[in-house]
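Before any comments, here is the structure.
The values are calculated or read from the model by the stated rules, or taken from the named source; none is laboratory data. Quantities reported herein were computed from a predicted structural model and do not represent experimental measurements. Cβ: placed from backbone, ideal geometry, glycine included. Neighbour counts: every protein chain shown.
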Amino acid sequence: MDEKLILKPKAHPGDERVHETTFKILLDDYLQLGSSISAAAAAKSIDELAPKDDGKAEGFLWQLWAEFTAVAEQLPYDHLAQDKLVKLVRELTLLPDTAVQVWNMRLWKDLPVFGAVVREHLNGPQKSSNEAEQTEIWNSWINWNAFAAGRLYTAGLTDLSHPLWMIRDALEEEITDQKGLNKAKIMTAAQIIEHAGPVMSRQLGAVQELSEVEERMWRGGTLFQGKSGLHPDRWMFWIERFRNLAEGESTEEVKRAAERAATLMEMWDQKRKTA
């Protein structure tokens with residue numbers, strides 16, 4: 001019998017009905033590994049909560065994605081429920097057009113506000129003076145990035161900002177003297193490769209014409225002196241860094257994750273070259 005997921009609901013400003021119902025759909029019903037409820041059925045239940053006019057939809061979406069974030073942060077990065085959560089977001093994009101728009105984006109096809117939530121997380125995890133609390137924050141950060149990268153993979157990865165920034169922070173800067181922070185960075189980069197790597201690797205051979213903004217946003221870190229963007233030279237640099245970090249890592253979990261990421265990247269690169 002599958003072990004029941006027990007996660008802590010987090011209070012968010014907004015409609016209490018949305019909070020309670022969303023958490024029930026996610027935790028009591030859909031995300032449980034033994035659940036018979038499909039992603040399509042769960043998506044339909046969430047759609048029934050959505051306001052039918054543009055004016056109220058934005059507030060609803062901020063709250064909804066906050067609920068998803070609260071769940072994703074608590075799901076271990078390698079738990080099967082992470083995949084189910086990503087599938088649910090994909091099913092939301094497949095719902096019939098509602099004519100409701102937020103920021104000139106369609107509900108649900110364009111996932112309005114979701115991108116803004118992702119960008120908020122690009123600022124990095126919070127900090128705490130309490131060691132146990134800080135460890136929990138870092139673990140939540142790894143878990144959330146696994147979910148975000150999985151979503152990027154299913155969406156076809158059109159915006160490179162999230163993966164490039166997270167990988168740059170982990171692999172293109174010197175490691176810190178904070179073991180917990182190093183783990184969080186390396187594990188986050190490894191999870192992004194795990195989930196979004198296949199799509200990223202297929203973009204390596206494409207000719208990139210970056211805007212001035214993209215040149216600046218996607219530049220390398222202090223350890224990588226190559227050009228901005230996603231390209232084979234940078235990919236190979238990441239592989240080497242994953243290998244080097246794995247060799248110097250004392251934590252078995254991080255060592256395995258870094259080695260696996262490097263192996264996957266080499267495999268995808270070889271596949272790309274022989275295609």
Which residues, taken from region 161-187, are buried (at least 20 other Cβ atoms within 10 Å of the Cβ) and closer than 23 Å to LYS227 by Cα? HIS162, PRO163, LEU164, MET166, ILE167, ARG168, ALA170, LEU171, GLU172, LYS185, ILE186
Just to be sure, is GLY59 without any contact (Cβ under 8 Å) to a residue 40 or more places away in the chain and assigned to a helix (DSSP H, G or I)? no
Going residue by residue through region 220-235, is there one that turns out to be surrounded by fewer than 16 Cβ atoms within 10 Å (Cβ to Cβ) and more than 23 Å from GLU174 (Cβ to Cβ)? yes
Criterion violated by ALA190 - all others in (1) under 30 Å from LEU111 (Cα atoms); (2) crowded, with 16+ Cβ neighbours inside 10 Å; (3) at pLDDT below 95; (4) in contact with a Lys or Arg (Cβ under 8 Å, 6 or more places away or on another chain) satisfied: (3)
Could you please let me know if VAL207 is hydrophobic (A, V, I, L, M, F, W, C), without any contact (Cβ under 8 Å) to a residue 12 or more places away in the chain, surrounded by fewer than 14 Cβ atoms within 10 Å (Cβ to Cβ) and assigned to a helix (DSSP H, G or I)? no
Within region 31-48, residues being in a helix (DSSP H, G or I) and surrounded by fewer than 18 Cβ atoms within 10 Å (Cβ to Cβ) number 5
Could you go through region 96-115 and let me know if any residue there is within 13 Å of the chain's Cα centre (by Cα) and assigned to a helix (DSSP H, G or I). yes
Output for Cβ contacts, cut-off 7 Å, separation at least six or different chains, first residue without any contact (Cβ under 8 Å) to a residue 24 or more places away in the chain and in the same structural domain as GLN63 (by TED's automatic domain parsing) in region 27-51, second surrounded by fewer than 18 Cβ atoms within 10 Å (Cβ to Cβ) and aliphatic (A, V, I, L, M), reads ASP29/ILE37
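Would you be able to tell me the number of residues in region 73-95 that are assigned to a loop (DSSP other than H, G, I, E, B) and exposed (fewer than 15 other Cβ atoms within 10 Å of the Cβ)?
Number satisfying all stated conditions: 3.
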